[in-house]
1. Take 200, 164, 288, 59 and order them by how many other Cβ atoms sit within 10 Å, fewest up front.
2. List, in the order given, every pair from 235/526; 41/134; 77/111; 111/134 whose Cα-Cα distance in the structure shown is over 19 Å.
3. Return 431, 130 ranked ascending by Cβ neighbour count within 10 Å, so the fewest neighbours appear first.
4. Rounded to the nearest 5, what is the percent of antiparallel bridges among the DSSP beta bridges in the chain?
5. Could you give the angle, 0 to 90 degrees to the nearest 10, between helix 308-322's Cα long axis and the longest principal axis of the Cα atoms of the chain?
6. What label, among (1) 38, 33, 22; (2) 59, 35, 20; (3) 39, 27, 21, belongs to semi-axes √(5λ) of the Cα gyration tensor in Å computed from the structure on display?
7. Setting aside same-chain residues fewer than 8 positions from residue 282, which aspartates and glutamates have a Cα under 17 Å from its Cα?
8. Quick check: pseudo-label points 7 Å beyond the Cα along Cα→Cβ at residue 321 and residue 526, how many nm apart are they?
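Any read-out appearing in this document is the output of simple, stated calculations on the displayed coordinates, not a laboratory observation. Given the structure is predicted, the values throughout are model-derived calculations rather than measurements. Quick reminder, even Gly has a Cβ in these numbers, built from the backbone with ideal geometry, and neighbours come from all protein chains shown.
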Amino acid sequence: MALLMRTDGASQIVIIGSGIAGLFCAIRLADAGFFVKVITKQRPIDSSTNWAQGGIAAILDKTDGIGLASHIEDTLKSGDGQCDSSVVNSVIREASDRIQDLLNIGVNFEKSADGEFHLAKEGGHSDRRILHSKDATGKEIERALSQTAEQHENIDLMPNTLAIDLIQLQHGNPSAGIAGVWCLDQNNQEVITVHADTLILATGGFGQLWHQTTNPSVATGDGLAMAYRAGARVKNLAYIQFHPTALATKSDSPFLITEAMRGEGGVILDDEGLERWQLQCKKDGVIISPEPFSFTLKHSQMGSMATRDIVARAIDKQLKITGKPHVYLVTSHLDEALLNSHFPTIRARLETHGLKLGHDPLPISPAAHYAVGGLEVDEIGRPYNRENGEVYPRLYAIGEVACTGMHGANRLASNSLLEAVVYASRAAEHIILNPPNSYQKQLPTWRADGLNSLSEHGPVVHDKNELRQTMSQEVGIVRRFSRLNRAARRLELLGQEVNRLWIESIPTRPIIELRNLTLVGQLVTKDAIARTENCGLHFNQDLVKE
């Protein structure tokens, strides 16, 4: 087995993940003279950040007290009473500085004709405050960060490298901290040992637990699972955000239609509402607003612009009532040229299905989108030891893998990129001000005592499908205790089988990811069963009070 040791001189920081959190943190640390290895299991651009359409919510003027208060209020309201108000306040007030950092790195946000930033509005927001780059904001942020990271002499990007497990400084003793990580080099299928004076998890979420997801294939909960196995504490895993408007076509995987589309006036209708609206337009001889015809008004006075948890549940309920596979996002009452200008990525994707933006009703249904819960962290991104509640030494978690308290029980649209860059900055600054001590001893190679007995495992696609089927049917938008308990039993059996395979098999990406997804699925289900009241994204029909 190969061994990658740190270079002489500066401390070696290892970051697992190459989205906005990981790369921003890497650049900040590298600029301060640290040597940074960025481990990513595909290419740096294959992250959830790269798939983010909407934007990043921020009040740019620090003196705009009304704007700051409004953003804070919207975030707290969306979080359904579960946000950490001090975290919300501090993150939103730090936003303008972090946006300036992104601009300095080279991120280009869209501007209006007058040279001012064009601000979008999304569900749950009471005002326009979202910076964006057309409908491909994440792609633009990833482009700028990736270019900077690739050119930085203190950053070593390690693509096609899949993290397997964290290495504890003292085996079996989380209180001693982390000393490195074992990884699968997918170029030669060798397991390598990577030393880390400090290790930062920026591995994103785990949307691949569900059949219908807007997440990329890399979103398999690797960082969360590794840290949990190493003794870190998790929180709020029951809060899974399903994006209400994913394009629903039989011939394609779910494709996110940004919430900004509704911010520009798009309205959600079912078949009946669509028919009634079209008949009324024909009767009146003019195209009128479809909003009064939306079934979402039965669930919130904000209708189609309600927060994601409310809209996703409204759609889920309507689909179960009607038996239809999807509802519609209607945009034909809006300025077609303006829509095509603001949403070129969506326009192009729709055209591949023979759909025209600003003309055709767009078939949509909810899809797993964002994990609000994760590794519980403090105000600078440090996870906690599950045994004693103390900070876990030499370990940080930033981005979607972390649970900061910012989102409460439901994330407000476009707050995730903001939270990611703020905590990436905080973690980096803490490391810069408190340089880690170097670990000089040789780290153990992976399974040094039993590699010769390993064999190739058979296909695990059936096991993965069984896992995703269980999560999709039993641990979805609307839950019941009977279904959650059934899921727990199935996942327990699956976990035993996966563990047996894992012990006996040569490591490959499919078995590593299945091992992680199965563990995370068990943790999500366990948290959902333990909850005694409905809140935010967790909705159990058995807990509805008459």
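1. With the sparsest Cβ surroundings first, the list reads 288, 164, 59, 200.
2. 41/134; 77/111
3. 431, 130
4. The answer is about 60 percent antiparallel.
5. Taking Cα atoms only, the helix is inclined about 60 degrees.
6. (3)
7. 271, 272, 291, 360
8. Result for the modelled spin labels: 3.8 nm.
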